[in-house]
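A.B. asks: I'd like to ask you about the structure that follows.
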Amino acid sequence: MVRVHHRAPFLLVGYNLPTMPAVGITPEWIAELRRQLLRWFELHKRPTPWRDNPDPYRVWVSEIMLQQTQTATVIPYFERFIARFPDVHALGAAPLEEVLRYWEGLGYYARARNLHRAAQLIVQNGGHLPTTAEQLRELPGIGAYTAGAIASIAFGQPVPVVDGNVTRVLARLLWLKGDLKRHAAQKQLWQLAEQLVDPDHPGAFNQALMELGSTVCTPTQPRCPECPVTHLCEAYRRGQPTAVPEPSRRIPTRTVVDVSAIVEREGRVLLAQRPPEGLWGGLWEFPRTTRSARESLETLAIRAAEQLGIQVEPRQLLLQLRHVVTYSKIHLYGYLCAWHSGEAQCGPYRAVAWLTPEELQHYPLPAPQRKLAEALQNQTVQGTLF
DNA sequence: AAGCCGGGGCT
DNA sequence: AGCCCAGGCTT
């Protein structure tokens, strides 16, 4: 016998997939979860431009931007992007370089490249987004999560979504132990979410689950007093809301030093374009390289200059140092292999250009490089090494 | 299954 | 200054 408003009996069994509860998800429990989440969401959802006007194209753009990026960060980017590319036709017709310029600062630039490619595919197929998760999934940049999000939010399809927020909320509600990033666990979470999603309000339900995860059921400091479903939450009942989900293995990080060379000539600065794929693909940057942080600054600067193929000339060359943390390896990004009489040729870089400060505005740069460009314009670049 | 993308938030 | 976060894609 299970009573509503009372903890359902959880029984953790470990025969095959020990992360999943065998008992506890009753129809009453699900109905109460839906009711409470939908009510809470209606009261507490953050106003966003894509919620104010959820046409499929806008939902799509917002969901791509929201991958790995928080809502507050996305909003101003979304508004600028939509103002310039108001529909799929405008996006498909625009040059990639301009799309990247509007994406500048958001990171993960493959998202912009895929969005652009997908827009062109959609235009070729009549200009309408597919309406089912399965069909959406075929577009570049749309995986299981984004397909479910667009299908449920924009088209009202009763399909689930599982992202990091949903994973965390479900782990806490149902006390799911183990590494939930593993494929077997993710598969189970999708099945679970499929059972839970409200068939009458799939978009609101999915957004409610994610919104709860991002504003209340947060990773390190959950605001349980503000949570509408503590009475359904096993982690809360145990008094250990942050004990689940358990952390998964992390790739160790290393500190490296990132060196940019600012080469000026007759009021122009030297920029290089990165290869179309990989880190900062297709973006431009001041010629730069990275080296192990263990070397002395002097050695580092000399080696960096050699690496960039630039002869050290005190008045022309400025090296800006910045510490960065990468995931697992030290990147060596690109180099200029020749530098003579105003001509610069490049190795892994795709192209080089001498740009005036005005022209610099129209080229997509990674966020740290844009900051350097702005510092250069404001004449605040200091720390000359030579 | 594991690693690569790259910003921002938090401590 | 360093740790944490995370969907899609490649290998």
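The values are calculated or read from the model by the stated rules, or taken from the named source; none is laboratory data. This is a predicted model, so every value here is computed, not measured. FYI the Cβ positions are ideal-geometry reconstructions off the backbone, even for glycines, and counts take in every protein chain you see.
Conditions (1) in the same structural domain as A:Gln67 (by TED's automatic domain parsing); (2) of a type outside the set (Gly, Ala, Ser); (3) farther than 13 Å from A:Arg34 by Cβ, marked per residue:
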{"residue": "A:Asp198", "(1), (2), (3)": "yes, yes, no"}
{"residue": "A:Pro202", "(1), (2), (3)": "yes, yes, no"}
{"residue": "A:Ala208", "(1), (2), (3)": "yes, no, no"}
{"residue": "A:Glu226", "(1), (2), (3)": "yes, yes, yes"}
{"residue": "A:Leu232", "(1), (2), (3)": "yes, yes, no"}
{"residue": "A:Val244", "(1), (2), (3)": "no, yes, yes"}
{"residue": "A:Ser248", "(1), (2), (3)": "no, no, yes"}
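A.B. asks: In the list A:Arg80, A:Arg101, which residue meets the criterion of being touching a residue at least 24 places away in the same chain (Cβ under 8 Å), assigned to a helix (DSSP H, G or I) and either under 18 Å from A:Pro364 (Cβ atoms) or away from DNA strand C (no atom under 16 Å from the Cβ) (or both)?
C.D. replies: Going through A:Arg80, A:Arg101 in turn, the sole match is A:Arg101.
A.B. asks: Which residues, counting only those in segment A:228-267, are at pLDDT 90 or above and either touching a strand residue (DSSP E or B) at 6+ places or on another chain (Cβ under 7 Å) or of a type in the set (A, V, I, L, M) (or both)?
C.D. replies: Once the filter is applied, which keeps residues that are at pLDDT 90 or above and either touching a strand residue (DSSP E or B) at 6+ places or on another chain (Cβ under 7 Å) or of a type in the set (A, V, I, L, M) (or both), segment A:228-267 yields A:Val229, A:Leu232, A:Ala235, A:Ala243, A:Val244.
A.B. asks: I would also like to ask the following. Being of a type in the set (A, V, I, L, M, F, W, C), in contact with a helix residue (DSSP H, G or I) (Cβ under 8 Å, 6 or more places away or on another chain), buried (at least 18 other Cβ atoms within 10 Å of the Cβ) and modelled with pLDDT of 95 or more, is that true of even one residue in segment A:13-32?
C.D. replies: Among the residues of segment A:13-32, at least one is of a type in the set (A, V, I, L, M, F, W, C), in contact with a helix residue (DSSP H, G or I) (Cβ under 8 Å, 6 or more places away or on another chain), buried (at least 18 other Cβ atoms within 10 Å of the Cβ) and modelled with pLDDT of 95 or more, which makes the answer yes.
A.B. asks: Within segment A:261-276, can one find any residue that is within 11 Å of DNA strand C (Cβ to nearest atom), in contact (Cβ under 8 Å) with a residue 12 or more places away in the chain and crowded, with 20+ Cβ neighbours inside 10 Å?
C.D. replies: Among the residues of segment A:261-276, not one is within 11 Å of DNA strand C (Cβ to nearest atom), in contact (Cβ under 8 Å) with a residue 12 or more places away in the chain and crowded, with 20+ Cβ neighbours inside 10 Å, which makes the answer no.
A.B. asks: Another question about this same structure. Within segment A:158-173, take every residue that is in a helix (DSSP H, G or I) and within 16 Å of DNA strand B (Cβ to nearest atom) and give me the one that is surrounded by the fewest Cβ atoms within 10 Å (Cβ to Cβ).
C.D. replies: Among those residues, the one meeting the criterion is A:Gly164.
A.B. asks: Looking at segment A:348-380 only, could you name the residues that are of a type in the set (S, T, N, Q) and under 19 Å from A:Trp103 (Cβ atoms)?
C.D. replies: If the condition is that a residue be of a type in the set (S, T, N, Q) and under 19 Å from A:Trp103 (Cβ atoms), then A:Gln361, A:Gln369 are the ones that fit.
A.B. asks: Which residue is surrounded by the fewest Cβ atoms within 10 Å (Cβ to Cβ), if the candidates are limited to segment A:294-319 and must be modelled with pLDDT of 65 or more and part of a loop (DSSP other than H, G, I, E, B)?
C.D. replies: A:Ser296
Per-residue answers, yes or no, for (1) touching a residue at least 60 places away in the same chain (Cβ under 8 Å); (2) assigned to a loop (DSSP other than H, G, I, E, B); (3) surrounded by 13 or more Cβ atoms within 10 Å (Cβ to Cβ):
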site: A:Gln188; (1), (2), (3): yes, no, yes
site: A:Asp200; (1), (2), (3): no, yes, no
site: A:Ala208; (1), (2), (3): yes, no, yes
site: A:Glu211; (1), (2), (3): yes, no, yes
site: A:Pro225; (1), (2), (3): no, no, no
site: A:Ile251; (1), (2), (3): yes, yes, no
site: A:Val257; (1), (2), (3): yes, no, yes
